[in-house]
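First up is the structure itself, then whatever we jot down about it.
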Amino acid sequence: MSSVRVLVGTHKGAFILTSDGKRKNWKVSGPFFAGFDIYHVKGSPADPNRIYASQTSGWFGQILQRSNDGGQTWEPVGNKFAYEGETHTHQWYDGTPHPWEFKRVWHLEPSLTDPDTVYAGIEDAAIFRTIDGGLNWAELPGLRGHGTGPRWQPGAGGMCLHTIILDPSDPNRIFIAISAAGAFRTDDGGLTWKPINKGLRSQYIPDPNAEVGHCVHHIAMHPQRPGVLFMQKHWDVMRSNDAGDNWHEVSGNLPTDFGFVIDIHAHEPETLYVVPIKSDSEHYPIDGALQVYRSRSGGNEWEALTTGLPQQNCYVNVLRDAMAVDSLDQCGIYFGTTGGQVYASADAGDNWMPIVENLPAVLSVEVQTLP
Amino acid sequence: MTAVSEIRVELPQHLRTLAQTGIEVQLEVAMPITIDAVLDAIEARYPMLRGTIRDHVTHKRRDFLRFFACQQDLSHDPTDTPLPQAIVSGVEPLIILGAIAGG
């Protein structure tokens, strides 16, 4: 019988939640790397027992962990992220040039085919790659060296490269997103990159239609339809039908189109999930009611999913990497909150239940569907 | 033949966990004994600690770590300054301490 393994990164350690395919009874393991910020934990699609974790700390810097046995045991691997060539500058909060400085790894994206190859999205924004299971990391400098680099600037959470999407139909195509620079795409395996922000409109920057400077929060792609992308921007939920070349808004009837997460049903490429958050100055659900919104039409028409979710006095946030879907026949949806809850729905969002309720603030959620 | 000395170093809890050591490690360090020399020896013995005490490239001490020895804070001394004789002789440990900050 199939099973699922949910990988949870929190503000004070990692946790692994496992269940059989019914997804009713859960075993909770952890904390792993107790006391550390675990920004992201993700398994290799090519070898589910190979899992990587980004362990960071204001005291001890960046540590990268690797497991070869599905998260039972871990070993530290390489943690040296040295920018390639000249450091260059980006724009600081006060508008002055500021040199790129490595701070932490936000996102790990294992290759679709090789367990030893992983991409890392870091702060200050750059993309790195290992091809030896994490021992050594090398920058793909074409992104940071892109002509607009000096105009990139940090969002409130830092200038982080937080989203990496590998196109299963084209190994040379990768999508990434940076707060607050925007979305970029390479079609040559990371050698060169171009901004893909046409159609984004951000009132909070001097030119709302600028080529770069947009605060993209997250992007999702359905693997069977890699040309279609969905984006949760700072404000606005967006859709592109041409691999990011052009975007249009699909916020439709959402009660607020601010939010962080966005994801897609495993078997229905037009079924989307977001968690509307009140505003950029009030990072919690409207009226204290936690609601996932689902669109079955690729956006614009949304329905609230509330069964099993707290509908009063709930003032948590759901961060950008904290939602995931499994690929069981009845698609499971998972998300974690800054209040330490991890919720699961075994029926595509109709009904929810908490797997755990009192973890440290959840930074990321990934799920592995195991045979 | 290079003269060496056996140095005692106390590590903060999280680094002990990472390196799978006890509270104190003992290292043979070539003279002259400086913070640089001790950290070189630690990182050679425990490669997983590279980058956690000082920056990989610049070797700058991480902001929230401190170097204490013989009831002195040596954190702001040049890292090539010879350490006190009590450290060199192994009577006192070099203490690497996580600052009390944050939550």
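The residues of the range A:13-44 that are crowded, with 18+ Cβ neighbours inside 10 Å, outside any strand (DSSP E or B) and not aromatic (Phe, Trp, Tyr), listed by number, are A:ARG23, A:SER44. A residue that is within 14 Å of chain B (Cβ to nearest Cβ) and farther than 30 Å from A:HIS214 by Cβ cannot be found anywhere in the range A:83-104. For the range B:8-48, a tally of residues being within 22 Å of A:VAL77 (Cα to Cα), touching a Ser or Thr at 6+ places or on another chain (Cβ under 8 Å) and of a type in the set (A, V, I, L, M) returns 4. Taken together, the criteria place A:THR148 among residues that are surrounded by fewer than 21 Cβ atoms within 10 Å (Cβ to Cβ), of a type in the set (Val, Ile, Thr) and either under 19 Å from the mean Cα position of the chain (by Cα) or at pLDDT below 95 (or both). Within the range B:69-90, how many residues turn out to be under 15 Å from B:VAL29 (Cα atoms), surrounded by fewer than 17 Cβ atoms within 10 Å (Cβ to Cβ) and either of a type in the set (A, V, I, L, M, F, W, C) or touching a helix residue (DSSP H, G or I) at 6+ places or on another chain (Cβ under 6 Å) (or both)? Here the count works out to 2. Among the criteria (1) facing another protein chain (nearest Cβ under 8 Å); (2) more than 21 Å from the chain's Cα centre (by Cα), the one A:PHE36 does not fulfil is (2). Looking across the range A:256-282, the residues that are surrounded by fewer than 21 Cβ atoms within 10 Å (Cβ to Cβ) and without any contact (Cβ under 8 Å) to a residue 40 or more places away in the chain come down to A:THR256, A:GLU270, A:LYS278, A:SER279, A:SER281, A:GLU282.
Is it the case that the range B:16-26 has a residue that's more than 14 Å from chain A (Cβ to nearest Cβ), at negative phi and touching a Lys or Arg at 6+ places or on another chain (Cβ under 6 Å)? Break it down stepwise before answering.
If we filter the range B:16-26 for residues that are more than 14 Å from chain A (Cβ to nearest Cβ), which is where we start, we get B:22-26.
Subsequent filtering for residues that are at negative phi retains B:22-26.
If we keep only those that are touching a Lys or Arg at 6+ places or on another chain (Cβ under 6 Å) as well, we get B:24, B:26.
Checking the range B:16-26: at least one residue is more than 14 Å from chain A (Cβ to nearest Cβ), at negative phi and touching a Lys or Arg at 6+ places or on another chain (Cβ under 6 Å).
Among the residues of the range A:289-322, those identified as of a type in the set (Asp, Glu) and in contact (Cβ under 8 Å) with a residue 40 or more places away in the chain are A:GLU301, A:ASP321. Search the range A:55-71 for residues being touching a residue at least 40 places away in the same chain (Cβ under 8 Å) and either in a loop (DSSP other than H, G, I, E, B) or in contact with a Cys (Cβ under 8 Å, 6 or more places away or on another chain) (or both), and hand back the single one that is nearest to A:MET159 (Cα to Cα). The qualifying residue nearest to A:MET159 (Cα to Cα) is A:GLY71.
Set side by side, the residues B:ILE7, B:ILE35, B:ILE42 differ, and just one is modelled with pLDDT of 95 or more, away from chain A (no Cβ under 12 Å) and touching a Phe, Trp or Tyr at 6+ places or on another chain (Cβ under 7 Å), which is B:ILE35. Pairing each residue of the range B:76-103 that is away from chain A (no Cβ under 14 Å) with any residue that is part of a loop (DSSP other than H, G, I, E, B) and of a type in the set (Val, Ile, Thr), provided the two are 6+ apart or on different chains, yields C-beta distances under 8 Å for B:PRO82/B:ILE33; B:LEU83/B:ILE33; B:ILE87/B:ILE33; B:VAL88/B:ILE33.
Inspection of the range A:332-344 identifies no residue that is assigned to a loop (DSSP other than H, G, I, E, B) and more than 19 Å from the chain's Cα centre (by Cα). Residues in the range A:53-77 that are more than 14 Å from chain B (Cβ to nearest Cβ) and either surrounded by fewer than 19 Cβ atoms within 10 Å (Cβ to Cβ) or in contact with an Asp or Glu (Cβ under 9 Å, 6 or more places away or on another chain) (or both): A:SER67, A:ASN68, A:ASP69, A:GLY70, A:GLN72. B:LEU97 meets each of the listed conditions (1) over 11 Å from the mean Cα position of the chain (by Cα); (2) closer than 16 Å to B:VAL25 by Cβ apart from (1).
Residues checked against (1) part of a loop (DSSP other than H, G, I, E, B); (2) of a type outside the set (A, V, I, L, M, F, W, C); (3) over 19 Å from the mean Cα position of the chain (by Cα); (4) within 25 Å of A:THR369 (Cα to Cα):
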| site | (1), (2), (3), (4) |
| --- | --- |
| A:ASP245 | yes, yes, yes, no |
| A:PHE260 | yes, no, no, yes |
| A:ASP263 | no, yes, no, yes |
| A:GLU270 | yes, yes, yes, yes |
| A:LEU290 | yes, no, yes, no |
| A:ARG294 | no, yes, no, yes |
| A:GLY299 | yes, yes, yes, no |
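Filter the range B:47-75 for residues that are aromatic (Phe, Trp, Tyr) and more than 10 Å from every other protein chain (Cβ to nearest Cβ); which is farthest from the chain's Cα centre (by Cα)? The extreme case among them is B:PHE68.
The values are calculated or read from the model by the stated rules, or taken from the named source; none is laboratory data. Everything numeric in this text was worked out from a predicted model, so none of it was measured. All Cβ positions, glycine included, derive from the backbone under ideal geometry; neighbour counts span all protein chains shown.
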